[in-house]
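Trainee: Below are the structure tokens for one structure; questions will follow.
The values are calculated or read from the model by the stated rules, or taken from the named source; none is laboratory data. All values reported here derive from a predicted model rather than from experimental measurement. Every residue, glycine as well, gets a Cβ built from its backbone with ideal geometry; the counts of neighbours run over all protein chains shown.
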Amino acid sequence: MSGFLDNCNLPNCECIELGDRRNFVASVISGVLFFSGWWIVIDAAVMYPDQSDFHHACHTCGAIGTVAFFLINSVSTGQIRGDSYSTGCLGQTGARVWLFLGFLLGFGALIAASWILFGVYVVPGDKPEWPGIATFLQNALIFFSAMVFKFGRAEDLWE
């Protein structure tokens, strides 16, 4: 089932033809998303410095999402397919496990942030909701940033 979307092509649109600038545009978009996520949660931490309004343990989700960003993007697509990585202690299987752990941490951080939003801030209704929204937005933006940086770049331009 590996590569079952390789033959699916989107229609060519000349207005968004990036060519050699594809990696640059994907990197800039990913960086802006990542920066925005952290900026939003820093704003919430500054606006609600009291532990009763915004508990500092909620920053754990963002830290785990950031680690997931680095795990996901530290392996290339060639390593996953086995094209460029066959040696090492685990080889292609190790690269796939590494990527799986990165996705697992990313989805886990996003699910934990949604639990913080609804379980701590929305349902009880006795706290301001912005810290919960900021925590969720931070993790969603970090996750989308990881996806754009992983799948938005073309590795054939590296050669």
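Trainee: Within segment 146-154, can one find any residue that is closer than 20 Å to ILE42 by Cα, surrounded by 14 or more Cβ atoms within 10 Å (Cβ to Cβ) and touching a helix residue (DSSP H, G or I) at 6+ places or on another chain (Cβ under 6 Å)?
Mentor: yes
Trainee: Which members of segment 105-159 meet the condition of being in contact (Cβ under 8 Å) with a residue 24 or more places away in the chain and among the acidic types (Asp, Glu)?
Mentor: Within segment 105-159, just GLU155 meets the criteria.
Trainee: Could I ask something else about it? Restricting attention to segment 17-35, does a residue exist that is in a loop (DSSP other than H, G, I, E, B) and modelled with pLDDT under 80?
Mentor: yes
Trainee: Continuing with the same structure: Failed condition for CYS61, given (1) within 24 Å of GLU155 (Cα to Cα); (2) in contact (Cβ under 8 Å) with a residue 60 or more places away in the chain, with all others met?
Mentor: Of everything listed in (1) within 24 Å of GLU155 (Cα to Cα); (2) in contact (Cβ under 8 Å) with a residue 60 or more places away in the chain, CYS61 misses just condition (1).
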